[in-house]
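For reference, the structure is listed below as structure tokens.
None of the figures in this text is laboratory data; all of them are computed from the coordinates on show. For clarity, every value in this text was computed on a predicted model and none was experimentally measured. Here the Cβ positions follow ideal geometry from the backbone for every residue, glycine too, while neighbour counts run over all protein chains shown.
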Amino acid sequence: MTSTRTNPRTNPSLPPAAAGNRLVAGTSLWHDAFKRLQKNRLALASGIVILVLVASCLIGPNLIAAIWGYDYETQDLALGARPPSWSHPFGTDFYGRDLLTRVLYGGRVSLSVGLLAAVVAATIGTVYGAVSSYAGGVVDSVMMRAVDILYALPYMFLVIILVTILGKSLLLVFLALGAVGWLLTARIVRGQVMSLKEQDFVAAARSLGTPARDIIFRHLIPNTLGPVVVTFTLTVPAMILQEAFLSFLGLGVQAPRPSLGALINDGANQMLVFWWTLAFPGGVMAVMLFALNFLGDGVRDALDPRMRR
Amino acid sequence: MKAYVIRRLLELIPTALIIVLGSFALVRLAPGSPFSSEKEIPPEIRRQLDAKYGFDRPLPEQFIRYVGNLLRGDLGPSTKYPQRSVNEIIADGFPVSLTLAGVALVWSLLLGITAGIIGAVRQNTAWDHAAMAAALVGISIPSFVLGPLLVLLFALRLHLLPPAGWGDLRHVFLPGLTLGTIYAASIARLTRGGMLEVVRSDFIRTARAKGLSERLIIWRHMLKGGLLPVVSYLGPAIASMLTGSVVVEKIFNVPGIGPYFVDAAFNRDYFLVMGIVLLYAFFLLLLNLVVDVIYGFLDPRIEYP
């Protein structure tokens, strides 16, 4: 496997076990992996936690608005900074806004930015890596040299420049994150395609006169999806962290719209007086990242049994 | 070996040029200018300012002049802080950021490798599970949550360390810990994985067969295998420690380079942004080279092409 050198940790390859299972008819790699994932109780629990988080972030703010009439931006200074109570389970912030609503709304922002940025990164990385590797030769060396150079650039600084150039909108934040975050995927896919393109089915397709574009998109990329999915699941929490990092610096989602990073920034400034303004957003953020990382680990183990010990 | 290093150093020259050109283009083609964020400036003053910094010349000419200054070690003036040059700002801030990243690196290696060895040597025991669970928790706690928590515990409750600021040795600990912990977690997982990778290999069996003590096998042979993935992770890790210190510097009010960078990017302080980006990029390029060379020392199977 040529890609072993690029990154030992996130370099799963198609399981050799699949070859041994040839007698069991109709068990695809994905089916097999899903069964393995179901046996991993911690990963399954993480998956449930994520589902609960996603569901509450999606419908929570609207549900609360319907029942109690809170929203994320209306200020009521008379209600300022109340500790958790029955009417405000997470308390209120300095301006009297319901913290639960704001945390859930911030969670919605974090999850969507994480997911979309990871999709952007995975798409760019997969296509770039596959094209580079399939083209080979000079094209390949130039394209990978570009990746090397980008790899050497201070990543977060690049994102900060992009965000200040593009303006501070949510859409642009995830575009900027995704636009810089595809390097690892590109390297992994390139390594996979290097060995795939020498195989007989590719030679067969080529001898039938299949255009390069179809070979790349129909034959090569589908065969690299295993490692791509693994990288993707671990990119999502990384992107969520980056978005929070930007919001913490004041570069992400702009007030009055909340995001977890911005909420944590506010909370950290007032943690001695109003502990709940740090505890709840920080706690939700940590649980979200923990569950996503654990699920990502589980997916990797399921797709690559060699990694399991 | 020597030839390899020399060739890699030579390769840095075109790479460096591309980076200079790329960041110049990125920074200069952005909308806005250093003087547009302030309140309205009369056009004639604006023209004078542009002329003072040379912004009225065509871009290619400005680029060539910039590269010329760069070769003489002059990073240019700062438009936001007119009384200071970019060199001065960097000379003030970079050593602080570097110290912080250094402390974080040492801490993450100490903690991470220790936890990784425990996990690998005591594989599938309670020790292993505890170490790896702790690592996963460590990966999941962002520095801006961990930082305030550490301040709360060590500074405000136990009164052991100052909560913020910079000056003497005691100021280094909390930000260093905050920055390093998340990497310690990754290093622990990589060390464990790398050691388990080699645990069943022939050279370990040979070592056992010739009667080496278990301690020697762990420290001399298994650890070397375990450190390979860690070393290749170190390049990107140090990079993100250096840039990640932006957040930690903000939490602990450390006078590093991070706050300058965010400000500079906002204010289109062209020379300052470029100076910081280039400084970090070259630092990282050299670092990756060092990492590759260390890699060769650890794994004798690697041949230098």
Review point. Given (1) at the interface with another protein chain (Cβ under 10 Å from one of its Cβ atoms); (2) of a type outside the set (Lys, Arg); (3) buried (at least 23 other Cβ atoms within 10 Å of the Cβ), where does A:THR164 come up short, assuming only one miss?
Key: (3)
Practice item. State whether the residues of region A:231-240 include one that is assigned to a helix (DSSP H, G or I), touching a helix residue (DSSP H, G or I) at 6+ places or on another chain (Cβ under 6 Å), aliphatic (A, V, I, L, M) and farther than 23 Å from A:VAL54 by Cα. Key: no
Exercise for review: Tally the residues that are free of Cβ contacts under 8 Å to residues at least 24 places away in the same chain and within 13 Å of chain A (Cβ to nearest Cβ), restricting the search to region B:177-205.
Suggested key: 1
Study note, to complete from the structure: So the helices (runs of 4 or more DSSP H) completely within region B:198-276 holding 3 or more residues that are of a type in the set (A, V, I, L, M, F, W, C) and crowded, with 21+ Cβ neighbours inside 10 Å are B:223-251, B:258-266
Check your understanding: In region B:120-176, which residue that is of a type in the set (Val, Ile, Thr) and part of a helix (DSSP H, G or I) is nearest to the other protein chains (Cβ to nearest Cβ)?
Key -> B:VAL145
Revision key, fill the gap. Exception for B:LEU287 within (1) touching a residue at least 60 places away in the same chain (Cβ under 8 Å); (2) within 10 Å of chain A (Cβ to nearest Cβ) falls at (1)
Review point. In region B:234-257, which residues are of a type outside the set (D, E, K, R) and facing chain A (nearest Cβ under 9 Å)?
Key: B:GLY235, B:PRO236, B:ALA239, B:SER240, B:LEU242, B:THR243, B:GLY244, B:VAL246, B:VAL247, B:ILE251
